[in-house]
1. Convert 37 °C to kelvin, take the viscosity as 0.692 mPa s, use the Kirkwood radius over C-alpha pairs of the stretch 44-149 as Rh, and evaluate the Stokes-Einstein diffusion coefficient in µm²/s, rounded to a whole number.
2. Using a 10 Å cut-off on Cβ atoms, rank the peptides 163-169, 90-96 from the highest mean neighbour count down.
3. Calculate how many DSSP beta bridges within the stretch 111-261 are antiparallel, expressed in % of all such bridges and rounded to the nearest 5.
4. With N set to the residue count of the stretch 1-56, report its C-alpha Rg divided by 2.2 N^0.38 Å to two decimal places.
5. What's the ranking of 47-56, 34-43, 79-88 by average number of surrounding C-beta atoms within 10 Å, highest first?
6. Can you tell me, using C-alpha contacts under 8 Å and at least 6 residues apart, the relative contact order of the stretch 1-154 as a whole percent?
7. For residue 77, what is the net charge nearby, where nearby means another residue's Cβ is under 11 Å from its Cβ and Lys, Arg count +1, Asp, Glu -1?
8. Over its Cα atoms, what ratio of radius of gyration to 2.2 N^0.38 Å does the chain give?
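The values are calculated or read from the model by the stated rules, or taken from the named source; none is laboratory data. Since the model is a prediction, treat every value here as computed from it, not as a measurement. A quick note on method: Cβ atoms are made from the backbone with ideal geometry, for glycine too, and the neighbour counts reach across all protein chains shown. Heads up: the accessible areas ignore ligands, DNA and RNA and are worked out on the full protein's heavy atoms, side chains in. Shrake-Rupley method; radii C 1.70, N 1.55, O 1.52, S 1.80 Å.
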Amino acid sequence: MTARQPLALVTGANRGLGLEVCRQLRDRGYRVILTARQAERGRAAAEELGVEFLPLDVRDPASVDRLVAELRRVHPDGLDVVVANAGVALNGFDANVAETTVDTNYFGVLRVVEGVLPLLRAGVHLVLVSSGVGQRDLLSAELRARLDLGSLTRTELSALMRQFVADVKAGRHREAGWPGTAYGTSKIGVTALAHLLTRDLADDPRRIDIVAVCPGWVRTDMGGPNGERDVETGAASILSGLDVPRDAPHRFYRDGAPANW
Ligand SMILES: NC(=O)c1ccc[n+]([C@@H]2O[C@H](COP(=O)([O-])OP(=O)(O)OC[C@H]3O[C@@H](n4cnc5c(N)ncnc54)[C@H](OP(=O)(O)O)[C@@H]3O)[C@@H](O)[C@H]2O)c1
């Protein structure tokens, strides 16, 4: 009897870090599902790597539903690794940028994680790609106090993210204690989410491991040509999240080491 090949799913993987994460997972012996919102680009990237492709736009709940239905049909045994990598860093700062960024980077991760929860196998790893740019001290003392990871619920965290967008729209984000960065705020949300999910799923018999990770500043379309790291190093930092002990209290890592946020 041959051993079952572990199954990994990566979001936003037609280019950049997501694509390289797929390559490294494949090389580690995973069966990989590369997902992307643009089917043609995703399919071409998957073909080049010799991995599977499924369409996924993390902003579209119906797209998440279709992915989950397809996974149930094609891979009824479930997932061993999920890397929530899709993200945007848009130029400028206004209500539209705030809304798109928070919806993609924070709610996109939440939608995917909640969608795939029933499909996770025992010992599964969920790696949420965040960023060290998402530092809590960007927030006012009052907002930081509301981000109490012991008591905050996921619903309250989502409400905070929506509040940021509403405050930017109303032109009052500064007085409300938010920074002038939609990207940084959305990534504070992602890192907080890893902590809340870890707490909420602690008693799940499948021993679900959830970490947020930072790839470092990487030379991709997003990071630009001056980034400090090549894409291989950045992707390796993301996958170092697979080696974090499940009982480690710290839930935000870079290069396999706890990082500040
Ligand atoms: N590069 C860095 O220095 C750096 C640093 C810290 C954290 N990160 C994080 O690392 C992750 C990957 O970044 P990257 O540098 O590889 O960026 P990238 O080169 O800009 O690639 C971003 C990927 O996300 C996809 N994406 C965007 N919106 C999506 C949506 N609604 N649904 C599905 N996919 C979507 C993009 O697809 P399209 O091709 O269709 O646009 C693309 O495949 C992001 O979460 C980013 O915040 C990057």
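1. Using the Kirkwood radius from Cα pairs, D works out to 205 µm²/s.
2. In descending order of packing, they fall as 163-169, 90-96.
3. 20 percent
4. So the stretch 1-56 has a normalised radius of gyration of 1.06.
5. 79-88, 34-43, 47-56
6. Values: 220 pairs, mean separation 32.4, N = 154.
That works out to 21 percent.
7. The answer is +3.
8. Its radius of gyration relative to the 2.2 N^0.38 Å reference: 0.96.
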